[in-house]
Amino acid sequence: MKFPKWPFSQRERTPKVVFAPARFIRTDALEKDALRLRSPSCRVGRAVGNDIRFDNDTVSGHHAEIYHLPDGTFQICDLDSTNGTWVNGQRIRAVLLKNGDIVELGEVRLYFRSEKN
């Protein structure tokens, strides 16, 4: 006797995470792990639920968002954070990131590395 295959009997595969071709390297802390961007829109902040989370009181709950744009560039936008988002020493609202830019979120300092430019 043959049993029909149940559609739910096959294990669901975990969706593969596709990383954007860029990363941040934290330069203000001892751990130098690269923080990979996991989606075309990545939220950064102190609150639980952010894509990149920093446990630092100078970082707002929802501090900034990084977008991987269709043309391959990356844009960072401040989300009205208390201490602001700074790129290469300039406070910004929104700016395109370039390879080697220094991004500061409160006391957190990040080095932007892009594999595309």
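Key figures for this structure:
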| item | result |
| --- | --- |
| All positions within segment 50-65 that are open to solvent by 50 Å² or more (accessible area, probe 1.4 Å) and either within 10 Å of the chain's Cα centre (by Cα) or farther than 19 Å from residue 106 by Cα (or both) | 51, 53 |
| Restricting segment 87-110 to residues that are open to solvent by 70 Å² or more (accessible area, probe 1.4 Å) and of a type outside the set (Asp, Glu), the residue that is farthest from residue 27 (Cα to Cα) | 93 |
| One residue from 19, 3, 8, 24 being surrounded by 15 or more Cβ atoms within 10 Å (Cβ to Cβ), aromatic (Phe, Trp, Tyr) and at pLDDT below 95 | 24 |
| Selection from segment 87-107 of residues that are assigned to a strand (DSSP E or B) and in contact with a His (Cβ under 9 Å, 6 or more places away or on another chain) | 105 |
| Among residues of segment 68-84, those that are at positive phi and within 16 Å of the chain's Cα centre (by Cα), counted | 1 |
| Top-ranked residue of segment 66-86 - restricted to ones that are in a strand (DSSP E or B) and polar (S, T, N, Q), ranked as least open to solvent (accessible area, probe 1.4 Å) | 85 |
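The values are calculated or read from the model by the stated rules, or taken from the named source; none is laboratory data. Keep in mind that this is a model prediction, so the values were computed, not measured. Glycine also receives a Cβ, built like all others from the backbone with ideal geometry; neighbour counts cover every protein chain displayed. The protein model used for the area step is the full one, side chains on, heavy atoms only, and it has no ligands, DNA or RNA in it. Shrake-Rupley method; radii C 1.70, N 1.55, O 1.52, S 1.80 Å.
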